[in-house]
Amino acid sequence: MLAPQTYTTEKLEDHLQSAPARALLKKWKEWRGTKIAPKRSQILIEELGEALPQVVMVEFTSPEECHFLLAGSALVHLQGLEFTGQNFYDMALPEERELRMRRLHGLEQQPCGSYSVQPGTLSQGSAVYTELLALPILPDTAGEALRVLAVSTPLSDPLHQTPVQENQVIRVAEEFRYIDIGAGLPDEDARLLCQRPLSL
């Protein structure tokens, strides 16, 4: 059942700041055609071209698990972490884990997309923020897990600095917005956890 359309949205394209995010949005729209979202067999990830180093794919394998299936080389370098096989929920600070889970459960159950800005710290003490655009991939067969394809791009040039990470932690996004892809949005309780939603 779709969420009631009782909310106002802003246009996603007005918020996108990076070329990889724009490239993903363009290709994802092409792959889905007239459907709500593309299926796994429709995804030709190599078509993302220069955005590939920023690509991330996760799979919701259970209510407690959201595993990385792949992470591009630029993301691995920026974060200083190995992602493949990791549970994204376990990479939150203990006090932030529930918020991350509630936000992503909303994305999984609708389905919808998300736009977020992620904080981080570099070796010289400066802050770096990354733009993360995440869009759903539907299973080919009923009963298979939902996947999400995303790109994560720094909004400033980190130059030769290296990331500072402790114990495989990735902070919860300071700005998080659901994206209505045509199927509505999570319920009002979930939307209270983020900023005003976006639409395509």
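Among the numbered criteria (1) touching a Leu at 6+ places or on another chain (Cβ under 6 Å); (2) surrounded by fewer than 13 Cβ atoms within 10 Å (Cβ to Cβ), which single criterion is violated by ASP14? Failed condition: (1).
Could you say whether any residue in region 47-66 is assigned to a strand (DSSP E or B), free of Cβ contacts under 8 Å to residues at least 40 places away in the same chain and among the hydroxyl-bearing types (Ser, Thr, Tyr)? Yes, region 47-66 contains a residue that is assigned to a strand (DSSP E or B), free of Cβ contacts under 8 Å to residues at least 40 places away in the same chain and among the hydroxyl-bearing types (Ser, Thr, Tyr). Within region 173-180, can one find any residue that is assigned to a strand (DSSP E or B), at pLDDT 80 or above, aromatic (Phe, Trp, Tyr) and more than 23 Å from GLU64 (Cβ to Cβ)? No, there is no match, as no residue in region 173-180 is assigned to a strand (DSSP E or B), at pLDDT 80 or above, aromatic (Phe, Trp, Tyr) and more than 23 Å from GLU64 (Cβ to Cβ). Within region 182-200, the set of residues being touching a Pro at 6+ places or on another chain (Cβ under 7 Å) and modelled with pLDDT of 80 or more comprises ALA183, LEU185. Just so you know, in region 37-69 the residues that are out of contact with any helix residue (DSSP H, G or I) (no Cβ under 9 Å at 6 or more places or on another chain) and at pLDDT 95 or above include one that is nearest to THR153 (Cα to Cα), and it is LEU69.
Of the residues making up region 11-30, those that are closer than 17 Å to VAL56 by Cα and among the basic types (Lys, Arg) are ARG22, LYS26, LYS27. Could you check, for region 82-96, whether at least one of its residues is surrounded by fewer than 18 Cβ atoms within 10 Å (Cβ to Cβ), in a strand (DSSP E or B) and among the polar types (S, T, N, Q)? Yes, that holds for at least one residue. For GLN161, the conditions (1) within 25 Å of GLU50 (Cα to Cα); (2) at pLDDT 90 or above all hold with the exception of (2). Of all the listed residues (LYS11, LYS29), the sole one being touching a residue at least 40 places away in the same chain (Cβ under 8 Å), touching a strand residue (DSSP E or B) at 6+ places or on another chain (Cβ under 7 Å) and among the basic types (Lys, Arg) is LYS11.
The values are calculated or read from the model by the stated rules, or taken from the named source; none is laboratory data. Every value quoted in this text rests on a predicted model; they were computed, and no experiment measured them. Because the Cβ atoms are built from the backbone with ideal geometry, glycine has one as well, and the counts that use them run over all protein chains shown.
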